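These notes are about the structure you will find just below.
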Amino acid sequence: VNAIELMPVQEFDGNNSWGYGTHAYFAMDKVYGNRATYKKFIDECHKRGMAVILDVVYNHATGAHPYAAMYWDGDKTASHNPWFNRDATHPYNVYHQWNHSNPMVREYVKRNLEYLIEEYKVDGFRFDLSKGFMGTSTNVDGYNSERVGYLKEYRDHIRKVDPNAVMICEHFVSDENYDLGHADIKVWQNMNEAYRESLMGWISDKSNIDGVQDVNVSWLPFGTYVGYMESHDEERAMYSAQEYGTESVKSDYKVRLKRAGLNAGFFLLVPGPKMIWQFGELGYDYSITYNNDRTGKKPYVTPSYYNDANRKALYDTYAMFLKFRRDNPRFFDDDVEFSWGVGATNT
């Protein structure tokens, strides 16, 4: 593992959430520590050769943000608020949407990115809901040159501060991936549904897992996709298999763990960057909606997970594949000839 990607830790509403209710961008949230402990954590990661990528939330802010509160009307930001759109321009929005067409907003974002790099020494950013950076446009899922321009502007500023900084977008707008990829901006590639079906033992038109790779894709620069089987937004694959798997899968957690190891092989042996959601390597199987609280705390991984021989075997499987990647870098270069048959019709 050569990078840790933190979910949002800039000051957010409350103490028990995912952190996407940001309201103070130049402060780190008190629930996880103070300035000194954040810096120590990042320094310790760097000592171990691991970059720290910070999830940043610039699509929206809560009403506790001063720029929202200064221009307020009823339960929304006022129509004359220069910073925020009174009504969101896309259906994915939560809270109050920043208006990125305003140069003041873009300057604010750039100052914040610069501060995080210089003050905390973070190595890059994952931009949450980047397709919401539309100003006043409403064309959220189609090509939007205005939005692409804003993201490139942020990329340019980040690289002025740190030429090696990583920029990743939670974008999911296929028509814009070409421009973002050629601007050295990576994009998330959600493969959760296909990998859950693989673990559950299902075969359907959604079972094709070859979308996790971007080698031999002539129009897209190598390494643009950050592939993942699970993230904070999707149901755990192990939980899905436990609840909805075929009979042999549903009834035997040892079978589920072996199939999870098979998924790891299909996932980690593909060239390009990959993200492992926390404790997937141990077959974590509590639902995303545990206690009917999607964004609430989930049970901690206890020593019993590591002491379980079957879970430890999955952990060792992950370690084996990752060691193979590290020991054999030539197999994972951008010019490799890569071919596999992982569609629903392959047997």
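Miscellaneous remarks
- Residue-level check: of (1) in a helix (DSSP H, G or I); (2) free of Cβ contacts under 8 Å to residues at least 24 places away in the same chain, TYR300 misses just (1).
- Number of the condition not met by TYR290 [criteria: (1) farther than 28 Å from ASP214 by Cβ; (2) open to solvent by 70 Å² or more (accessible area, probe 1.4 Å); (3) aromatic (Phe, Trp, Tyr); (4) touching a residue at least 12 places away in the same chain (Cβ under 8 Å)]: (4)
- Only one of the listed residues (GLY142, GLY135) is at pLDDT below 95, of a type outside the set (Val, Ile, Thr) and under 22 Å from TYR25 (Cβ atoms). That residue is GLY135.
- Among all positions in segment 261-274, there is at least one residue which is assigned to a loop (DSSP other than H, G, I, E, B), open to solvent by 40 Å² or more (accessible area, probe 1.4 Å) and either more than 15 Å from LEU322 (Cα to Cα) or among the hydrophobic types (A, V, I, L, M, F, W, C) (or both).
- Taken over segment 110-157, the criterion of being closer than 17 Å to GLN97 by Cβ, part of a loop (DSSP other than H, G, I, E, B) and either in contact (Cβ under 8 Å) with a residue 40 or more places away in the chain or among the polar types (S, T, N, Q) (or both) is satisfied by ASP128, LEU129, PHE133, MET134, GLY135, THR136, SER137, THR138, ASN139, VAL140, ASN144.
- Of all residues in segment 263-282, none are more than 20 Å from the chain's Cα centre (by Cα) and without any contact (Cβ under 8 Å) to a residue 40 or more places away in the chain.
- Only listed residue being at negative phi, surrounded by fewer than 17 Cβ atoms within 10 Å (Cβ to Cβ) and charged (D, E, K, R), chosen from GLU170, GLU176, GLU146: GLU146
- Complete set of residues in segment 5-62 that are open to solvent by 60 Å² or more (accessible area, probe 1.4 Å), under 30 Å from VAL140 (Cα atoms) and free of Cβ contacts under 8 Å to residues at least 60 places away in the same chain: ASP13
The values are calculated or read from the model by the stated rules, or taken from the named source; none is laboratory data. This one's a predicted model, so the numbers in the text were calculated from it and none came from an experiment. Heads up, the Cβs are rebuilt from the backbone with ideal geometry, glycines too, and the neighbour counts pull from every protein chain shown. The area values use the complete protein model at the heavy-atom level, side chains included, leaving out ligands, DNA and RNA. Shrake-Rupley method; radii C 1.70, N 1.55, O 1.52, S 1.80 Å.
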